[in-house]
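To keep things clear, I will list the structure first and then write my remarks on it.
The values are calculated or read from the model by the stated rules, or taken from the named source; none is laboratory data. Please read these numbers as outputs of a predicted model, since none were measured by experiment. Reconstructed Cβ throughout: ideal geometry from the backbone, glycine too, with neighbour counts over all protein chains shown. Surface accessibility is based on the protein's heavy atoms, side chains included, excluding ligands, DNA and RNA. Shrake-Rupley method; radii C 1.70, N 1.55, O 1.52, S 1.80 Å.
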Amino acid sequence: MLCFLQYRPWVGMTLLRGIGSALVLGCILSACATRTVAPYDPPAEQYALPPQSGGAFAAIESALHEAGDADESGFQLLDRNEDGLRWRLALIDSASYSIDAQYYLWYGDAAGRILLKRLRDAADRGVRVRLLIDDLNTLLSDASTIGDRDKVVAWVDSHPNLELRLFNPWSNRNIAARVSEGAKKFEQLNQRMHNKALIVDNRAVILGGRNVGDEYMGLSSEFNFHDIDVLGVGPVARQTSVIFDQYWNSNWVMPVSALRMEISADELAAGAEALKSSLTADPSLENFPLEPQSWSDALEALPASLHLGTSRVESDLPGADGIEQVMLEELRSLMRAAQSELSIVNAYIIPTDTGIAILNDLTSQEVEVSILTNSLASHDVPAVNSHYKRWRKPILESGASLYELRHDAKIQASVSDTPPTRAKFIGLHSKAMVIDREYVYIGSMNFDPRSALYNTEMGAFIRSNGLGEELAQLIERDTQPLNSWQVKLDGNGKLSWSNSEETVSSQPARNWWQRVQDILFQAVPKEYY
């Protein structure tokens, strides 16, 4: 399948999951007619609302300014998946004026539905909501009573205070026709928006690696990711808004109104009822309020838990002639600046010769380098491992320490799974770095050709001793033998994997099929993953 080659393999599988499956299968089985996007006039440019004097986050930012400088923001790591979801709900419920959300994936599962409902609840009370998602997968809610995929997004967009736009949209609007379009426009459609950001009142923001979906919030019974975001209050939110606006107003983005889908009053009501009913019936959400809440206690306690620091938010940027890819060099520059210690955690690593050269330069200057990535056993994308594995020896020969997450890591219960959910295994999705326990990167970019050449990526570059120390300690926790395999190279060039129970001489895997995939996917170019 085209999407399997272009994107992460689990994306192709999850297109058919959950309540959206009836819509997709119905379209395929009924051989519905191809619908294409007709020419439309682009909307007028629109920008983030300036921060207002009222609202919960104005008070928090004011408290931070009393403690630090005006150019500093307050930061908190969101290490636990439960916190990733809970703080997104808290920000949305506490919004007074505006919400801008930008995501690669927004699934129609429990996490996607509850966050969508809360966005609509915010819009109901007059908050301006702008939602920008990649058009790869637009199954947003329980719309089985509404119709096909475009009916779903049109239903979301129908709220007068909520506007939905799609990045790099497909011209053909049904799945069967997309295969043909993908073959004809491969280079264009291979360019996807991998950014993740939630901005509230232009004062608070969550940035990092989490998409909107169950496995990113700890609600999947199959597997859950270990991921990381950063919650920021202050100038970092405005820095993110500048990037959001550049995407929102770019010619890569289509307003859903251009689909010209009519939504009747009955469909509006049915969709809202179906969304609420599906959430009420979902046991994975039993510990989350389904209706908007007051988060005053958590917000009052927040300033004391924030690390002060300066920041800049960077992103690959859409232009009239293509995407300006800047993130890879930004990350390489940060790595080269290390004086004593560099710790990297990244889900998908294919370093290339340039990356190995940077590691060699750093270790030759006695910089201690530590890298944590996925093992084959913890991988959700064995195809990436097929190309990563040849770099294990060069990484170790550079003098860096290399760790691979265990699929049965001890931290799964406390960090990855959100009660009452218990998944079969844990996988790594984090993308973060800390340099000299002072300079921090948290964002969306993997260290692989797909992120460097085709995805748009973004992230926060933060200078904060407190945040740097906390991130360094989290990475040290994750590389402990209860959580990771340490990969070593002996004098004969043989690799070994050691954890708290055993040492093995072949890469750990969950099953034989992973090992078969690991061989087969070597034949597919690494740039496709």
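Residues in segment 303-312: is at least one surrounded by fewer than 20 Cβ atoms within 10 Å (Cβ to Cβ), of a type in the set (D, E, K, R), modelled with pLDDT under 95 and under 23 Å from the mean Cα position of the chain (by Cα)?
No, because not a single residue in segment 303-312 is surrounded by fewer than 20 Cβ atoms within 10 Å (Cβ to Cβ), of a type in the set (D, E, K, R), modelled with pLDDT under 95 and under 23 Å from the mean Cα position of the chain (by Cα).
Considering each of Leu268, Leu290 in turn, give the residue that is farther than 20 Å from Val212 by Cα, in contact (Cβ under 8 Å) with a residue 12 or more places away in the chain and open to solvent by 10 Å² or more (accessible area, probe 1.4 Å). Walk me through it before giving the result.
Working: Leu290 fails: farther than 20 Å from Val212 by Cα.
Criteria check complete, one pass: Leu268.
Test Ser401 against the stated conditions and say whether it is within 21 Å of the chain's Cα centre (by Cα), surrounded by fewer than 22 Cβ atoms within 10 Å (Cβ to Cβ) and hydroxyl-bearing (Ser, Thr, Tyr). If you could, list the steps in order and put the result at the bottom.
Details: within 21 Å of the chain's Cα centre (by Cα): no; surrounded by fewer than 22 Cβ atoms within 10 Å (Cβ to Cβ): yes; hydroxyl-bearing (Ser, Thr, Tyr): yes.
Judged against the criteria, Ser401 is not a match.
Counting only residues that are more than 29 Å from Gly68 (Cβ to Cβ) and in contact with a Gly (Cβ under 9 Å, 6 or more places away or on another chain), how many does segment 447-463 have?
Of all residues in segment 447-463, those more than 29 Å from Gly68 (Cβ to Cβ) come to 447-456.
Adding the requirement that they be in contact with a Gly (Cβ under 9 Å, 6 or more places away or on another chain) leaves 447.
Matching residues across segment 447-463 total 1.
Could you please find all residues in segment 95-109 being crowded, with 22+ Cβ neighbours inside 10 Å and either part of a loop (DSSP other than H, G, I, E, B) or not aliphatic (A, V, I, L, M) (or both)? Steps first, answer last, please.
We begin by selecting, within segment 95-109, every residue crowded, with 22+ Cβ neighbours inside 10 Å; these are 95, 98-109.
If the condition is that a residue be crowded, with 22+ Cβ neighbours inside 10 Å and either part of a loop (DSSP other than H, G, I, E, B) or not aliphatic (A, V, I, L, M) (or both), then Ala95, Ser98, Asp100, Gln102, Tyr103, Tyr104, Leu105, Trp106, Tyr107, Gly108, Asp109 are the ones that fit.
Scan segment 56-88 for residues that are open to solvent by less than 30 Å² (accessible area, probe 1.4 Å), more than 17 Å from the chain's Cα centre (by Cα) and of a type outside the set (A, V, I, L, M) and report the count.
6
Inside segment 315-342, can you point out the residues that are open to solvent by 50 Å² or more (accessible area, probe 1.4 Å) and not aliphatic (A, V, I, L, M)?
Those that are open to solvent by 50 Å² or more (accessible area, probe 1.4 Å) and not aliphatic (A, V, I, L, M): Asp321, Glu324, Gln325, Glu329, Ser333, Arg336, Gln339, Ser340.
Would you pick out the residues in segment 37-51 that are open to solvent by less than 70 Å² (accessible area, probe 1.4 Å) and either within 22 Å of Phe244 (Cβ to Cβ) or assigned to a strand (DSSP E or B) (or both)? Give the derivation first.
Initial filter on segment 37-51 (open to solvent by less than 70 Å² (accessible area, probe 1.4 Å)): 37-38, 43, 46, 48-49, 51.
Correct list: Pro43, Gln46, Ala48, Leu49, Pro51.
Could you please let me know if Ala281 is over 25 Å from Glu470 (Cα atoms) and either without any contact (Cβ under 8 Å) to a residue 40 or more places away in the chain or among the β-branched types (Val, Ile, Thr) (or both)?
On the way: over 25 Å from Glu470 (Cα atoms): yes; either without any contact (Cβ under 8 Å) to a residue 40 or more places away in the chain or among the β-branched types (Val, Ile, Thr) (or both): yes.
Answer is yes for this residue.
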